[in-house]
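Take a look at the structure set out below.
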Amino acid sequence: MVPRDSSLTATLLLEAVVLLIDPKLPWACKVVGYLLQRNAFALFREIVLTGKENAKSDNSIRNASPLECILALMVSHTGQHPCICPNINPQWSFSSQMLTIPLLWRLFPSLKEVFATRGLSQHYIHQMAQCVRNAYVLPNDVSVECPGYACVLGNTVETAGAALSHADCSFEMAMDLAAVTTFLLKALPPIKSSSPESRQSSTMDEDDMALPDEMEIVLNKDLEQQIAHAMHSRFLLQLTSVLFREVSMVSGSNHGLDDKEVAAIGAVCAFLHVAFNTLPVDRMMTVLAFRTELVRVLWNFMKQCHENKKWPSLPEQLSYLPGDVPGWLLPLAVFCPVYKYMLMLVGNEEFYEQEKPLSLKDVRCLIVILRQALWQLLWVNATAHSNSAKLVKNTSAYNGNPVESIKQRVSLVASELLSQLQDWNNRRQFAPPSDFHADGVDDSFISQAIIDGTKANDIMKRAPFLVPFTSRVKIFNSQLLAIRQRQGSHGVFTRNRFRIRRDHILEDAYNQMSALSEEDLRGLIRVSFINEFGVEEAGIDGGGIFKDFMENITRAAFDVQYGLFKETSDHLLYPNPGSGMIHEQHLQFFHFLGTLLAKAMFEGILVDIPFATFFLSKLKQKHNYLNDLPSLDPELYRHLIFLKRESPSRYQGDISDLELYFVIVNNEYGEQTEEELLPGGRNQRVTNDNVIPFTHLVSNYRLNYQIRLQSSHFMRGFQQLIKKEWIDMFNEHELQLLISGSLDSLDIDDLRSHTNYAGGYHSEHYVIEMFWEVLKGFSLENQKKFLKFVTGCSRGPLLGFKYLEPLFCIQRAGGTASEEALDRLPTSATCMNLLKLPPYRSKEQLATKLLYSINADAGFDLS
């Protein structure tokens, strides 16, 4: 077939062979057997490849229909009744020699129809399944970008759907197909998705790159497209449906698992685990989450194993993992990302009221399973913690150490899911916080957690929710203390002194703080206030005046009247999308405010700034989703849920009748603008088919896109002092506690338990007894004013007053209880957390004088 003039001769020869193997002739099997024993498929392979090469300049391959006829006749000779052909070495079989030709069915569409018939494809897939665990030798690759295993995968899966679609497709056929595709997918390089956010492991950092002798293979685009297209939603639906026919949907530990059920679950998990590492996840998740029984089947399996305290080992020939690997690894590797995807799309009503996709009781059980699995992986059986956060992504690493690869995968996806469940629990509590905490956290763990390279430090980076909140606060505080101490050792004298006019506090603070370097920001800042008469207030700043300054400046800067922030209906703060219409330098102000908040946290000063949850997510560089929308706009959330087909109170008609388009209208200060949610959105109507993307695009715009500039500048200022990995230890609810402390009433008993006395006072002195009774009787507002009067901050330490530095102290003032002394007011020294209290004779007098002092707003003239 090389030269044009000889192609006719080759065609005649092939036609002669077609006549010789006509199935009606009695010697057909003998002739086919003769050809098979002489490796005829290898010869046909060479003919095809030579013809393909010449087809670029010659039309000869298109005239090769006799070759297609030969192949169609020969593949039906399977060595099974009524065929009497001998079985041959798999190395020279049709599967090895012909299915390794790239895009075979483009060349031979009629052969594809013959091969796709259920009996033939089942036979060859079973033959391949028997070979994959042995030395499955393939011929030399056609090219580097068309490796044989990839060609076999594409050609096999493209035709397998026809067999799977038959109502009587056998369980054994589906098991064989799962084994073959899993084996071949393992060797495949990752296929990139067109969606940048769809694959969790689509990007690599430099440290994850393969070595030069393990250069990543880049598949031929047409071959890659064939594989990705063949692994479509229908294929996934068909394969899981056939395999799950053998799995009981009965939940509970009374139903026992038979070998067939374990095998089916093992086959599905092995296939999907490898597929998640190789194929574009966005094309798979929707069908797996909402059109198959995958989540329900896997959950019933995991729940039953957990209740029985026995996880069966999945068959080694299916999972390609050693038999002693824990039986929960593969199911979790698959269940976690699919269930996490579902939670991103369900609404609050579905999760909390309808209890879908799992009941809240089952979710609590799932939390326990995930917590125990993570503790086993990250603490009990942890290995190589210094690099364990890096997920193995290249195929050579996977094939070289599949056990370590799947452990790393499970630790990642289980951590992400448990973190997401904690977010749901923070929105509306259905489980006590202790459900998320591991049992083995003690003082030794906490001391190790701040040391890089330790297992405890690794857990703080990857699964911090396993550690109780109070323990994480101690770790956070110790990290800040270490940096403050290092910073303090660099200089004895305070370099930065601010002169702040009380009636121009924001302007003066912005001008002076913005001029500081990052190093200066970490150092001590001392403040002297200038009152309304231009006179410097009394008092030397030993730390108390600075705390007072921080509380006042944050109150002024985050006031909604200033225009940089807005309030939700719950009076929670978030960046004003229209801030640029009020302040020309609004982005510089957001940078300053980020630095200001970070300085407060760096110095351990609690400030009364209640942020919206979705904005706190921005500090953690997290993306917000539809179920975060109620924290911004509950009414918009209800409207969007009304459009969703899954909602019980959904719109019953045709959504296109509502005349909605992929645009969103902004109305800031009377100026109305319209923005497209996607290119051409003004002309794209919302329908029943595209309403789900519409709801998520709207929520993404409101929660992420609209405030992206303000959030990014705020975050940059914040990260000048507070590293991202420090606050990654906390979820948004906990981060708000770090900023503002508890919103509950002040614990006066705790303050009393950690108070020192001086000047003749002691805990049982009659004046002290009166003082505590008076303070306990104050309103919460006056209690906070008292705390600010004494310490410079209206909120106590997050973990209690035992952590107040120095401890609160009450000192006798004015000597004896003379009339002169009794006329004096209580004063304070905020730098020492000291209250100077005259020895009043009655509770009424003490209360009157104390209330006057704490409400006088006299700055530091009463210090």
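The values are calculated or read from the model by the stated rules, or taken from the named source; none is laboratory data. Since the structure is predicted, the reported quantities are computational estimates derived from the model, not experimental observations. Every residue, glycine as well, gets a Cβ built from its backbone with ideal geometry; the counts of neighbours run over all protein chains shown. The protein model used for the area step is the full one, side chains on, heavy atoms only, and it has no ligands, DNA or RNA in it. Shrake-Rupley method; radii C 1.70, N 1.55, O 1.52, S 1.80 Å.
Taking the Cα centroid of region 604-644 and of region 86-114, what is the distance between the two, rounded to the nearest whole Å?
Taking the Cα centre of each part, region 604-644 and region 86-114 sit 56 Å apart.
Of the accessible area of region 541-686, with the probe set at 1.4 angstrom, what percent is carbon plus sulfur?
Numbers: 2970 of 6400 Å².
Result for region 541-686: 46 percent of the exposed heavy-atom area is carbon or sulfur.
From the cross-link list LYS618/LYS776; LYS599/LYS849; LYS547/LYS620; LYS461/LYS788; LYS340/LYS618; LYS455/LYS723, which pairs have alpha carbons spaced over 28 Å apart?
From the list (LYS618/LYS776; LYS599/LYS849; LYS547/LYS620; LYS461/LYS788; LYS340/LYS618; LYS455/LYS723), the Cα-Cα distance tops 28 Å for LYS618/LYS776; LYS599/LYS849; LYS461/LYS788.
For PHE611, which sequence-distant residues (separation of 5 or more, or a different chain) have an amide H within less than 5 Å of its own amide H, given hydrogens modelled in the peptide plane?
LEU573
Provide the FRET efficiency to the nearest 0.05 for the GLU764-ASP728 pair, computing r from the beta carbons and using R0 = 35 Å.
In this case the efficiency is close to 0.15.
With charges set only on the Cβ (+1 for Lys and Arg, -1 for Asp and Glu), what does the dipole of the chain come to about its Cα centre, in debye to the nearest 20?
Rounded to the nearest 20 debye, it is 1160 debye.
Quickly work out the ARG752-to-GLU518 label distance, labels modelled 7 Å from Cα along the C-beta direction, and quote it in nm with one decimal.
With each label point 7 Å from Cα toward Cβ, the separation is 4.8 nm.
Can you run phi through the Karplus equation (6.51, -1.76, 1.60; θ = phi - 60°) for region 328-335 and list ³J(HN,Hα) in whole Hz, with x for Gly and Pro?
8, 5, 5, x, 5, 4, 9, 4
Using only DSSP helix segments of four residues or longer, with each worth -39500 (n - 2.57), what per-residue ellipticity at 222 nm results for the chain after dividing by its residue count and rounding to 500?
So the helix-based figure for the chain works out to -15000 deg cm²/dmol.
Starting from 0.36 nm per residue, how many nanometres of slack lie between ASN308 and ASP570 once their C-alpha separation is accounted for? Display every interim value, and only then the final one.
Values: separation 262, 0.36 × 262 = 94.32 nm, distance 4.53 nm.
Value of the extension gain: 89.8 nm.
From Cα pairs below 8 angstrom and at least 6 apart in sequence, can you work out the relative contact order of the chain, rounded to a whole percent? Kindly include the intermediate steps, with their values, before the conclusion.
On the way: 1166 pairs, mean separation 64.4, N = 863.
Computed value for the chain: 7 percent relative contact order.
Just the number, please: Stokes-Einstein D of the chain in µm²/s, Kirkwood Rh from C-alpha pairs, 25 °C, 0.890 mPa s.
This corresponds to a translational diffusion coefficient of 76 µm²/s.
In degrees between 0 and 90, to the nearest 10, how far off the longest principal axis of the chain does helix 148-164 point, with axes built from Cα atoms?
80 degrees
Full extension from GLU145 to GLU584: what is 0.36 nm times the residue separation minus their Cα-Cα distance, to one decimal in nm?
Details: separation 439, 0.36 × 439 = 158.04 nm, distance 5.42 nm.
Net length gain for the segment: 152.6 nm.
Which value, in Å², gives the accessible area per residue of the chain when a 1.4 Å probe is used on the protein heavy atoms?
With all protein chains present, the chain gives 45 Å² per residue.
How many nm is it between the label spots at ASN690 and LEU49, if each spot is 7 Å from the Cα in line with the beta carbon?
4.6 nm
Show me, for region 83-90, the HN-Hα J-couplings you get by feeding each phi into the Karplus relation (A = 6.51, B = -1.76, C = 1.60, θ = phi - 60°), rounded to Hz, glycine and proline as x.
My calculation for region 83-90 gives 5, 10, 5, x, 6, 10, 4, x Hz in order.
Multiply the residue separation of ARG234 and ASN496 by 0.36 nm, subtract the distance between their alpha-carbon atoms, and state the gained length in nm to one decimal.
87.6 nm
Tell me which of SER712, VAL242, ALA16 sits at the most positive position along the dipole axis of the chain, charges placed on C-beta atoms (Lys, Arg +1; Asp, Glu -1).
ALA16
Would you grab the residues whose amide H sits under 5 Å from the one on PHE565? Only those 5+ places off in sequence or on another chain, please, with H modelled 1.01 Å from N.
Excluding prolines and chain starts, which carry no amide H, the hits are ASN576.
Which is the longest stretch in the chain that no exposed loop site breaks, taking sites as chymotrypsin sites (Phe, Trp or Tyr not before Pro) with a DSSP loop state and at most 14 other Cβ atoms within 10 Å?
In short, 28-492.
Show me, for region 836-846, the HN-Hα J-couplings you get by feeding each phi into the Karplus relation (A = 6.51, B = -1.76, C = 1.60, θ = phi - 60°), rounded to Hz, glycine and proline as x.
Per-residue couplings from phi come out as 9, 10, x, x, 5, 8, 9, 5, 4, 5, 4 Hz.
Within the chain, what is the longest stretch that has no GluC sites (Glu not before Pro) placed in a DSSP loop and near at most 11 other beta-carbon atoms within 10 Å?
Of all site-free stretches, the longest is 198-531.
Summing Lys, Arg as +1 and Asp, Glu as -1, what charge do residues with Cβ under 14 Å from the Cβ of TRP92 carry, TRP92 excluded? Working shown, then result.
Working: positive: ARG38, ARG45; negative: GLU46.
The answer is +1.
So if R0 is 60 Å, what FRET efficiency would MET344 and LEU481 give, r being the distance between their Cβ atoms, rounded to the nearest 0.05?
On the way: r = 38 Å, r/R0 = 0.63.
Efficiency computed from Cβ-Cβ geometry: 0.95.
By how many degrees, between 0 and 90 and to the nearest 10, does the Cα long axis of helix 40-54 differ from the longest principal axis of the chain?
Roughly 70 degrees, rounded to the nearest 10.
Which one, ALA829, VAL137, ILE530, projects farthest toward the positive side of the charge dipole computed for the chain from Cβ point charges (K/R +1, D/E -1)?
The residue sitting most towards the positive pole is VAL137.
Just want to confirm a number: the relative contact order over region 648-774, from Cα pairs under 8 angstrom separated by 6+ residues, in percent.
Details: 62 pairs, mean separation 18.5, N = 127.
So the answer I get is 15 percent.
Between LEU660 and residues 5 or more places away or on another chain, which pairs have amide H atoms under 5 Å apart, with H built 1.01 Å from N, and which residues are they?
VAL686
Quick one: pull the percent of accessible area on region 434-486 belonging to carbon and sulfur, 1.4 Å probe, ligands and nucleic acids left out.
50 percent
Using R₀ = 25 Å, calculate the FRET efficiency as 1/(1 + (r/R₀)^6) where r is the Cβ-Cβ separation of THR673 and TYR651; round to 0.05. Mind dumping the intermediate values first?
On the way: r = 27 Å, r/R0 = 1.08.
Taking R0 as 25 Å, the efficiency between THR673 and TYR651 is 0.40.
Need the C-alpha centroid separation for region 823-845 versus region 513-553, integer Å.
Cα centroid to Cα centroid, the span is 25 Å.
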